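Data first, discussion second: the structure below is written as structure tokens.
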Amino acid sequence: MRRNIVAGNWKMNKTLQEGATLAKELKTALTGKTVNCDVIICSPFIHLTAIHETVKDSQVKLGAQNCADKVSGAYTGEVSAAMVASTGAQYVIIGHSERRAYYGETNAILKEKVRLALDNQLIPIFCIGEVLEEREAGKQNEVVNKQISESLFDLSAEDFGKIVLAYEPVWAIGTGKTATAAQAQEMHAFIRQTVAGKYGTAVAAETSILYGGSANAGNAKELFSNPDVDGGLIGGASLKVETFLPIAEAF
């Protein structure tokens, strides 16, 4: 079922103690409050077990920011999908633009990560999007189509139906620039059309597509009012309850 989702990506921020405090504050702020979306925290690996204990009986859901493309073995420093799942996390971000850019994650690597996440009953939040040069060259549709098709289109319709997509205009992350609501809707509609071309309109209609480009309390309502924008993958604004909660309340 297509869901409205607001997911906070803490990135490499917050000590274990700070993260536990923030999770508790968010849980408390949501107590007795009705929001028209799923609220997810995607924390660093070391926080997952502690935060799960904090939020497990609340509206807040938990996700990791990455997982390995291997099942297990001699891969020092890596964290497997099975390890993530064992913490109680339900979601995992895969293919974030920072992972693609800084750590060389290719569509082929991300295809393996998605498969392993699904094998371990995790819901992938799969990130796609173009950099500034690609946008300026008018290649954004080509880039996004390639990212989706090479990493996801070997999945069965049933498995694809478990995926959450997150469109990141990479040129709008941490730059102060934001795609207009019209630009976001245009790309989200293209993504849904791309999914429909492979899996049919029914699967496409049920796929949640989040916007991941510097969404904040000031622009969330306008962004989320678009028919194909089903929520946001939120970076910096997710690090404080007072800036994150208003985004969830924008629905």
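Where a number appears in this text, it was derived from the coordinates with a stated rule and is not lab data. This is a predicted model, so every value here is computed, not measured. Cβ coordinates were reconstructed from backbone atoms using ideal geometry, including for glycine residues, and neighbour counts include every protein chain displayed.
Would you please state the base-10 log of I(q)/I(0) at q = 0.11, 0.17, 0.22 1/Å for region 1-100, with intensities from the Debye formula using one equal scatterer on every alpha carbon? Here log10 of I(q) over I(0) equals -0.33, -0.77, -1.20.
Packing, as the average of other Cβ atoms within 10 Å across residues, places the peptides 161-169, 235-243, 207-215 in the order 207-215, 161-169, 235-243, highest first. Loop-located GluC sites (Glu not before Pro) in region 56-119 (DSSP state not H, G, I, E or B) with no more than 16 neighbouring Cβ atoms inside 10 Å: Glu78. Equivalent ellipsoid of region 113-251: semi-axes from √(5λ) of the C-alpha gyration tensor, largest first, are 24, 18, 14 Å. A simple spin-label model places the labels of Glu186 and Glu142 1.7 nm from each other, with each point 7 Å out along Cα-to-Cβ. What the Cα convex hull of region 111-187 gives, in volume per residue, is 105 Å³. Calculated mean residue ellipticity at 222 nm for the chain: -12500 deg cm²/dmol, from DSSP H runs with n ≥ 4 weighted as -39500 (n - 2.57), summed, divided by the residue count and rounded to 500. Average projection, convex hull of the Cα set of the chain: 12.4 square nanometres.
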